[in-house]
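To start, the structure itself, in structure tokens.
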Amino acid sequence: MSTVALKDVTKIWPDGTLAVDRVSLDVRDGEFMVLLGPSGCGKSTVLRMIAGLEDPTEGDILLNGEPVLDVPPRDRSIAMVFQDFALYPHMTVADNIGFPLKLSGVEPGSRQDRVGTVAGALGIGEVLGRRPSQLSGGQRQRVAMGRAMVRRPGIFLMDEPLSNLDSGLRAELRAEITSMTRELGVTTMYVTHDQAEALTMADRVAIMRRGVLQDLGTPTEVYRRPATLYVAAFLGSPRMNLLEAQVYVHLDRYVALNFGEQTLYLAWADPRSRAVARYHGERIVVGVRAEALTPVTPDTPGAVLHGRIRYLEHHGHESLAYLDIGATAIVVDEVGGPAAEQPAGGTLKRLGGALQRLTRSNSVSAQEERGGPVSLLNDPGRHHRKAAELSVRLAPYPAVTSGHPLTVAVQMDALHFFDERGDRIDVGWR
Ligand SMILES: Nc1ncnc2c1ncn2[C@@H]1O[C@H](COP(=O)(O)OP(=O)(O)O)[C@@H](O)[C@H]1O
Ligand SMILES: [Mg+2]
């Protein structure tokens, strides 16, 4: 049995950088846990503390229920694979994989058996006699994993092991890694900044931002019910539409969500309307994914939004339309991808945000994030506003073009609500 537990773990580097901020996390026996977050959010630091390569500043780490802060790395029954793995160039594949066994004095016969088993599981049984220079990138990565697995660790830590590989190979190895670790029943923590990788591989995903754990759950849970605006923005493709809305309550009738030129209505009988009604007269963020929007004819009654196609993106199996609906979108920082790279506010605003981030130490911003008075909706370092381009899924290569009007029906029970701090407005609904 192998479990990992972090109890309020904090890591402050000697220069004052708060890299990990009171993270608590339980990894179950045999579980494949993915630690997901943007570059610099503290993922590697978490893994290195579990491995014993770094000490937490505060908090406790338990393996199999036992505190291990006094246990040296080699006695923790942990194997770790990094993005920049190094193989011994002068050794064969078999010798590379068997090296840890040789170090710990396993005799050659049983060493060979174990190397053969691991290499077979990884699909590199045929190349055991080759040297690393005679292997493809994917094969080299498999050798690195084999070398980590051969000691039969209780816990397997992988730090962005696929990020140096091309995308086809990445997809292939993803499936292999998960099936191999599940077959061996080894408890795994896998670090990535790639949300698609996390959603496809994980039993559960832990999402971090600036050292803080934002959300934890199965891929379905965190996708369907993101705990924060950040998680909502980070997961999924296309990204969730995040619209600023003014809330108006008409008691006993409905809660109106005004997006500027258009309004959606939550019926008073809707179990979510009471929670949202608390924000009467205030602005909130309403999230809606492309899959909750269906193109309809303009005269369709009910919850609809009317827009004009600003541009189309063809992805082969589908086309995405981006609609101008006269609303304001919230763009969250640090989610990666084009959404975060193209703030409509322009270069100056972007520079402003970057400067602000540079001049503010990490520890200060993390403190603000955990309890300070800072409002997400008013902090240019966290997000910005821009004219909303509502993403809508269409059939491949539709007959419409940019400039065309388009009406979409909104699946009201698929809306997400966030307050101005970026926390989910909990509406007791799933
Ligand atoms: N040895 C170190 N000394 C000082 N700061 C560090 C050190 N290692 C990492 N950091 C800082 O700690 C934060 C988290 O880093 P890291 O855990 O590597 O993030 P990630 O793996 O999510 O990209 C970053 O701000 C990084 O610059
Ligand atoms: Mg890292």
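The values are calculated or read from the model by the stated rules, or taken from the named source; none is laboratory data. Computed from a predicted structure; not experimentally measured. In this analysis, Cβ positions are derived from the backbone assuming ideal geometry, glycine residues included, and neighbour counts consider all displayed protein chains. Accessible surface is based on the protein model in full, side chains and every heavy atom, while ligands, DNA and RNA are left aside. Shrake-Rupley method; radii C 1.70, N 1.55, O 1.52, S 1.80 Å.
Some points to look at:
- Test: residue in the stretch 140-160 that is within 16 Å of ligand 1 (Cβ to nearest atom), out of contact with any Leu (no Cβ under 9 Å at 6 or more places or on another chain) and assigned by TED's automatic domain parsing to the domain that holds A86: yes
Matching residues to (1) more than 13 Å from the chain's Cα centre (by Cα); (2) part of a strand (DSSP E or B):
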{"position": "I207", "(1), (2)": "no, yes"}
{"position": "Q214", "(1), (2)": "no, yes"}
{"position": "Y223", "(1), (2)": "no, no"}
{"position": "V231", "(1), (2)": "no, no"}
{"position": "S237", "(1), (2)": "no, no"}
{"position": "Q246", "(1), (2)": "yes, yes"}
{"position": "L264", "(1), (2)": "yes, yes"}
{"position": "P271", "(1), (2)": "yes, no"}
{"position": "Y279", "(1), (2)": "yes, no"}
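- Scope the stretch 308-326; condition in a strand (DSSP E or B), open to solvent by 10 Å² or more (accessible area, probe 1.4 Å) and not hydroxyl-bearing (S, T, Y); matching residues: R308, R310, L312, E313, H314, D324, G326
- When Q214 is tested against the conditions (1) surrounded by fewer than 20 Cβ atoms within 10 Å (Cβ to Cβ); (2) within 16 Å of ligand 1 (Cβ to nearest atom); (3) not acidic (D, E), the lone failure is (1).
- Those residues of the stretch 123-143 which are out of contact with any Lys or Arg (no Cβ under 7 Å at 6 or more places or on another chain), surrounded by 17 or more Cβ atoms within 10 Å (Cβ to Cβ) and over 17 Å from D84 (Cβ atoms), in sequence order: V127, L128
- Those strands (runs of 3 or more DSSP E) lying entirely in the stretch 1-99 with at least 1 residues within 16 Å of ligand 2 (Cβ to nearest atom) and surrounded by 20 or more Cβ atoms within 10 Å (Cβ to Cβ): 4-12, 18-27, 32-36, 78-81
- Hits in the stretch 25-48 (condition: within 16 Å of the chain's Cα centre (by Cα) and not hydrophobic (A, V, I, L, M, F, W, C)): G37, P38, S39, G40, G42, K43, S44
- Here P67 clears all of (1) more than 12 Å from ligand 1 (Cβ to nearest atom); (2) modelled with pLDDT under 95 except the condition numbered (2).
Residue-wise test of (1) modelled with pLDDT under 95; (2) within 16 Å of ligand 1 (Cβ to nearest atom).
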position	(1), (2)
V9	no, yes
D29	no, no
G59	no, yes
F82	yes, yes
S104	yes, no
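- Neighbours by Cβ (under 8 Å, 6+ apart or cross-chain): first from the stretch 398-427, assigned to a loop (DSSP other than H, G, I, E, B); second among the hydroxyl-bearing types (S, T, Y) and modelled with pLDDT under 90: E420/S375; R421/S375
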